[in-house]
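The structure appears below as structure tokens.
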Amino acid sequence: MVHRLSFERLSLRARLMALVLGLLLTALLLIGLALNLRVRQFVRAQADLSAYSQLALIVQSGQAGGSSGDAYAYQLYQSLVQAAQATRSWGLLLTPRQAYPTDNSRRTLPPAAVIRAARQAGRADWQDIRLLSDGRGNLLGLALSTAQGERLSASVVSNYASVALGVLLLAGVAALGVLRLGLRPLRQMARQAARVGAADLSERLPTPLPQDELFLLASSLNRMLARLEETFSRLSAEEARTRAFAADASHELRTPLSAIQGSLEVLERVAADPAAHQARARLLTNLRRESRRAGRLVDDLLTLTRLDAGEGLQQVPLDLGGLLGGVLDSARDLAPHLSFVLDASPALGIPADRERLEGAVWNLLRNAAAHTPPGGTVTLRALPEGQVVLISVLNLAQLDPELLPRMFGRFVRGPDAAAGGSGLGLAIVQAVAQAHGGEVFAVQHAELLEVGLRLPR
């Protein structure tokens, strides 16, 4: 764990260097082990060949001498002694009756099975000794001389180690230069990314021409910067809207509160005057009107705040015809000077939050009633359109084309707005529609104005 943490603290270049040199060192070690094994096998094979060759020459020399019996055996033994001395090893002569080591020491003789195999096959190996039959029942043995082979193997390994060390050093220098060159674009990206701040997110990192890992990294960083720029722009716009909303709300609340305060001051002055009965009644009416206006404004602000905060909707299957009929009955009671008509498809249902949808429809009707002359007709429609349901209100009104796209904004009023309007009704309709995954619309049909929302079925 400690080594892992220490490795992770290294820079990227140091880690890549360690990885490259580690892989190269492993490869060189494996090559060295394989080379040492091959050299040992070669030395062993050459020692075998040399031993059998010398034994064959001794047999040929003894047979060429024409002697036989003990003289022949003595001649083989003498030649075997000379060969053993020359190779700094030892030999062995096995006659059918006795064994004669060349150095007169107590040597461990080959097993009987090995001796029989050598006489049958003509040769045999046992440990470091090589046995060769002379064809007359005698076996000549000569031990392998490994000293020279070991010196050769040690020399080859030593030379290889020197070469491998040089290769490792050269590879380290080359890898350092290559990594420095290869990581240069990353360092440039890091410097450019460090210059990018919240004040200027429009700068983008250059993307290299070959579409390699650096290209993918630069493209990913540029996409991230684009998302950050979009997010900061949205936050800035939202902050500006919030400041404007707070200022507008303060201004709207100031009007009824000032009226209430002024009425209270006048009411205090005329409270003791018995002749000011009509003035007191007028002031109380004004107080009730302005209090209701302030209360509606506070309720609308609270509704918008909750919808903006993403307050969860209690969506249930609703009978749209029954819901709209109930809202329309309330509208008839509050605006008896107008005619209200319901145009809804039968058995039309959608999943929606009942309280929020009723509030949105009521705001549509209240907005239309405020702009419809006495005796006019307000039509409430609910029709299916593919995968959505259209809920809209039509009334006799002409709207300025410049106001049409802005009418769902907050505190936006028409030039003939009623005195009691807060300018938040249609903004609440838009927030309710968006909370249900829908949208709002406003269309001018000749002399009729249609305002409504579309909700998914």
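The values are calculated or read from the model by the stated rules, or taken from the named source; none is laboratory data. Note that the structure is a prediction, hence the values are computed from the model and not measured. Every residue, glycine as well, gets a Cβ built from its backbone with ideal geometry; the counts of neighbours run over all protein chains shown. Remember, those area values only see protein heavy atoms, side chains included, never the ligands or the DNA or RNA. Shrake-Rupley method; radii C 1.70, N 1.55, O 1.52, S 1.80 Å.
Residue pairs, Cβ under 8 Å, 6 or more apart or interchain, first in region 24-39 and part of a helix (DSSP H, G or I), second open to solvent by 70 Å² or more (accessible area, probe 1.4 Å) and among the hydrophobic types (A, V, I, L, M, F, W, C). List them.
What qualifies is VAL39/LEU152.
For region 405-413, does any single residue satisfy the condition of being surrounded by fewer than 20 Cβ atoms within 10 Å (Cβ to Cβ), at pLDDT 90 or above and within 45 Å of the chain's Cα centre (by Cα)?
No, the conditions are met nowhere in region 405-413.
Mind listing whichever residues of region 343-386 are over 51 Å from the mean Cα position of the chain (by Cα) and part of a strand (DSSP E or B)?
Just the residues of region 343-386 that are over 51 Å from the mean Cα position of the chain (by Cα), to begin with: 343, 368-379.
Answer for region 343-386, where residues must be over 51 Å from the mean Cα position of the chain (by Cα) and part of a strand (DSSP E or B): ASP343, THR377, VAL378, THR379.
Quick one: which of SER89, SER145 is in contact (Cβ under 8 Å) with a residue 60 or more places away in the chain and surrounded by 15 or more Cβ atoms within 10 Å (Cβ to Cβ)?
SER145
For region 349-365, what are the residues that are buried (at least 18 other Cβ atoms within 10 Å of the Cβ) and either in contact (Cβ under 8 Å) with a residue 40 or more places away in the chain or not charged (D, E, K, R) (or both)?
Within region 349-365, ILE350, ALA352, ASP353, ARG356, LEU357, GLY359, ALA360, VAL361, TRP362, ASN363, LEU364, LEU365 meet the criteria.
For region 55-70, what are the residues that are in a helix (DSSP H, G or I), of a type in the set (Gly, Ala, Ser) and surrounded by 12 or more Cβ atoms within 10 Å (Cβ to Cβ)?
Residues satisfying the conditions are ALA56, SER61, GLY62.
Which condition number in (1) open to solvent by 60 Å² or more (accessible area, probe 1.4 Å); (2) in contact (Cβ under 8 Å) with a residue 40 or more places away in the chain; (3) at positive phi is the one that GLY137 fails?
All conditions are met except number (1).
Would it be correct to say that THR102 is of a type in the set (Ser, Thr, Tyr) and open to solvent by 30 Å² or more (accessible area, probe 1.4 Å)?
no
Among the residues of region 95-113, is there at least one that is touching a Leu at 6+ places or on another chain (Cβ under 8 Å), modelled with pLDDT under 85, farther than 30 Å from ARG151 by Cβ and of a type in the set (Gly, Ala, Ser)?
Yes, because at least one residue in region 95-113 is touching a Leu at 6+ places or on another chain (Cβ under 8 Å), modelled with pLDDT under 85, farther than 30 Å from ARG151 by Cβ and of a type in the set (Gly, Ala, Ser).
For region 134-142, check the following and say yes or no: at least one residue is modelled with pLDDT of 80 or more and either within 26 Å of the chain's Cα centre (by Cα) or assigned to a helix (DSSP H, G or I) (or both).
No, that holds for no residue.
Output the number of the condition that GLN82 fails; it satisfies all remaining conditions of (1) open to solvent by 60 Å² or more (accessible area, probe 1.4 Å); (2) of a type in the set (S, T, N, Q); (3) at pLDDT 85 or above; (4) more than 28 Å from SER153 (Cβ to Cβ).
Going through (1) open to solvent by 60 Å² or more (accessible area, probe 1.4 Å); (2) of a type in the set (S, T, N, Q); (3) at pLDDT 85 or above; (4) more than 28 Å from SER153 (Cβ to Cβ) one by one, GLN82 breaks only (4).
Being assigned to a loop (DSSP other than H, G, I, E, B) and in contact (Cβ under 8 Å) with a residue 40 or more places away in the chain is the filter here; which residues of region 387-403 pass it?
The answer is GLN387, ALA397, GLN398, LEU399, PRO401.
Only residues in region 434-449 that are under 17 Å from LEU396 (Cα atoms) and among the small types (Gly, Ala, Ser) count as the first member; pair them with residues that are assigned to a loop (DSSP other than H, G, I, E, B) and at pLDDT below 90, Cβ under 8 angstrom, at least 6 apart or cross-chain, and list the lot.
Sorted first by the residue in region 434-449, then by its partner, the pairs are ALA442/LEU399; ALA442/MET407; ALA442/PHE408.
Looking at (1) at pLDDT below 80; (2) surrounded by 14 or more Cβ atoms within 10 Å (Cβ to Cβ), which is the only condition TYR52 fails?
Of the numbered conditions (1) at pLDDT below 80; (2) surrounded by 14 or more Cβ atoms within 10 Å (Cβ to Cβ), the odd one out for TYR52 is (1).
Okay, residues lined up against (1) hydrophobic (A, V, I, L, M, F, W, C); (2) closer than 22 Å to ASP333 by Cβ; (3) open to solvent by less than 30 Å² (accessible area, probe 1.4 Å):
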{"site": "VAL378", "(1), (2), (3)": "yes, yes, yes"}
{"site": "VAL388", "(1), (2), (3)": "yes, no, no"}
{"site": "LEU403", "(1), (2), (3)": "yes, no, yes"}
{"site": "GLN430", "(1), (2), (3)": "no, no, no"}
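Given (1) open to solvent by 30 Å² or more (accessible area, probe 1.4 Å); (2) modelled with pLDDT under 85, where does VAL443 come up short, assuming only one miss?
(2) is the only condition that VAL443 fails.
Just a yes or no: is a residue in region 45-63 out of contact with any strand residue (DSSP E or B) (no Cβ under 7 Å at 6 or more places or on another chain), of a type in the set (Gly, Ala, Ser) and within 30 Å of LEU179 (Cα to Cα)? It would help to see each step written out before you state the result.
If we filter region 45-63 for residues that are out of contact with any strand residue (DSSP E or B) (no Cβ under 7 Å at 6 or more places or on another chain), which is where we start, we get 45-47, 49-50, 53, 57, 60-63.
Then keep just the ones that are of a type in the set (Gly, Ala, Ser); that gives 45, 47, 50, 53, 61-62.
Filter once more, so that each one left must be within 30 Å of LEU179 (Cα to Cα): none.
Scanning region 45-63, I find no residue that is out of contact with any strand residue (DSSP E or B) (no Cβ under 7 Å at 6 or more places or on another chain), of a type in the set (Gly, Ala, Ser) and within 30 Å of LEU179 (Cα to Cα), so the answer is no.
Does LEU181 fit the bill of being in a helix (DSSP H, G or I), at pLDDT 75 or above, over 24 Å from the mean Cα position of the chain (by Cα) and loosely packed, with under 11 Cβ neighbours inside 10 Å?
When the stated conditions are applied, LEU181 passes them.
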